[in-house]
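Written below as structure tokens is the structure these notes are about.
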Amino acid sequence: MKTALFAAVAAATLGLTAPAMADEVFGGLYKHDVTFIGEAVGLGAAGREDGVDVHLGYRTDRIESLTWLGKPQVHAFVSINSENTSNFAALGFNWKIELGQQGGFYLRPGFGLAYTDGEAGLPPANAPNLTPEERARRTNLYYTRIDFGSQVLFEPELALGYQFNDSWSAELSYTHLSNGQIFAQGKNQGLDDVGVRLVYAF
């Protein structure tokens, strides 16, 4: 049921902004649940889950009518984890900021919302009257799964990219997920993904 729900949300997310032909499509490989960035900036990555994430998505052209918002692009993507733990779908805005002349290095900050099929509210392992088997099961979950606190999450991201030509770019990319103590109170372990993605512009 959880997998079916995630697939439905991912399909709906992608369908919200799909034009006849997307301005850009991208795919990348990411290390799932890294801890070094969260520890450095205090975002609280959990460091409990393993595997590699595959990100597949697209971006629209710049939305010229949103001048007050800096003419952002819309991004939508899905992330599939090789260990089938915390998959997610995301939708949001991002901005390409050229570093020097157009066609070389650039920064791409972004912000959006995500839905994960990961854990949100793990049962306590120290609850009274648990059987040894149930206590062991809950303890294992505590050490091997992220407790997001909410399945709806904020999705800030940042990429450093290089544009090779009119069609192809590559980006070193960081994506963070957490509830920010807004969608939920209490657990907010978060997820940090770091990886590289290849971008093709139509």
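Taking L122 and the conditions (1) at pLDDT below 95; (2) within 25 Å of L160 (Cβ to Cβ); (3) aliphatic (A, V, I, L, M); (4) in contact with a strand residue (DSSP E or B) (Cβ under 7 Å, 6 or more places away or on another chain), which numbered condition does it fall short on, given that it satisfies the others?
(2)
Applying the selection to the stretch 186-202, what residues are closer than 17 Å to T85 by Cβ and of a type outside the set (S, T, N, Q)? Steps first, answer last, please.
Residues of the stretch 186-202 that are closer than 17 Å to T85 by Cβ, as a first pass: 187, 189-195.
Within the stretch 186-202, K187, G190, L191, D192, D193, V194, G195 qualify.
For the stretch 75-97, enumerate the residues that are closer than 17 Å to A120 by Cα and not in a strand (DSSP E or B).
Once the filter is applied, which keeps residues that are closer than 17 Å to A120 by Cα and not in a strand (DSSP E or B), the stretch 75-97 yields N84, T85, S86, N87.
Is one or more of the residues making up the stretch 100-113 exposed (fewer than 13 other Cβ atoms within 10 Å of the Cβ), out of contact with any strand residue (DSSP E or B) (no Cβ under 9 Å at 6 or more places or on another chain) and either farther than 22 Å from A170 by Cβ or among the acidic types (D, E) (or both)?
Checked against the condition, which is being exposed (fewer than 13 other Cβ atoms within 10 Å of the Cβ), out of contact with any strand residue (DSSP E or B) (no Cβ under 9 Å at 6 or more places or on another chain) and either farther than 22 Å from A170 by Cβ or among the acidic types (D, E) (or both), the stretch 100-113 yields no hits at all.
Please verify whether the stretch 152-171 includes one or more residues that are part of a loop (DSSP other than H, G, I, E, B), β-branched (V, I, T) and surrounded by fewer than 16 Cβ atoms within 10 Å (Cβ to Cβ).
At the first step, the residues of the stretch 152-171 found to be part of a loop (DSSP other than H, G, I, E, B) are 164-167.
This time we only want the ones that are β-branched (V, I, T), so: none.
Looking through the stretch 152-171, none of the residues is part of a loop (DSSP other than H, G, I, E, B), β-branched (V, I, T) and surrounded by fewer than 16 Cβ atoms within 10 Å (Cβ to Cβ).
Has the stretch 187-200 got any residue that is surrounded by fewer than 20 Cβ atoms within 10 Å (Cβ to Cβ) and of a type in the set (D, E)?
The answer is no, given that none of the residues of the stretch 187-200 is surrounded by fewer than 20 Cβ atoms within 10 Å (Cβ to Cβ) and of a type in the set (D, E).
Take the conditions free of Cβ contacts under 8 Å to residues at least 24 places away in the same chain and among the hydrophobic types (A, V, I, L, M, F, W, C) and apply them to L91. Does it pass? So that I can check it myself, show each step before the final result.
Numbers: free of Cβ contacts under 8 Å to residues at least 24 places away in the same chain: no; among the hydrophobic types (A, V, I, L, M, F, W, C): yes.
No; evaluated as a whole, the condition is false for this residue.
Going through the stretch 126-164 one residue at a time, which ones are touching a residue at least 24 places away in the same chain (Cβ under 8 Å) and either farther than 24 Å from D50 by Cα or touching an Asp or Glu at 6+ places or on another chain (Cβ under 8 Å) (or both)?
T144, R145, I146, D147, F148, Q151, A159, L160, G161, Y162, Q163
If I filter the stretch 54-72 for residues that are more than 24 Å from T144 (Cβ to Cβ) and at pLDDT below 85, do I get at least one hit? Break it down into steps so the answer makes sense when it comes.
Initially, the stretch 54-72 is screened for residues more than 24 Å from T144 (Cβ to Cβ), giving 56-72.
Next, from what is left, pick out any that are at pLDDT below 85: none.
Checked against the condition, which is being more than 24 Å from T144 (Cβ to Cβ) and at pLDDT below 85, the stretch 54-72 yields no hits at all.
Against the condition under 19 Å from G47 (Cβ atoms), buried (at least 22 other Cβ atoms within 10 Å of the Cβ) and among the hydrophobic types (A, V, I, L, M, F, W, C), how does F88 come out, does it pass?
Numbers: under 19 Å from G47 (Cβ atoms): yes; buried (at least 22 other Cβ atoms within 10 Å of the Cβ): yes; among the hydrophobic types (A, V, I, L, M, F, W, C): yes.
Answer is yes for this residue.
The values are calculated or read from the model by the stated rules, or taken from the named source; none is laboratory data. This one's a predicted model, so the numbers in the text were calculated from it and none came from an experiment. FYI the Cβ positions are ideal-geometry reconstructions off the backbone, even for glycines, and counts take in every protein chain you see.
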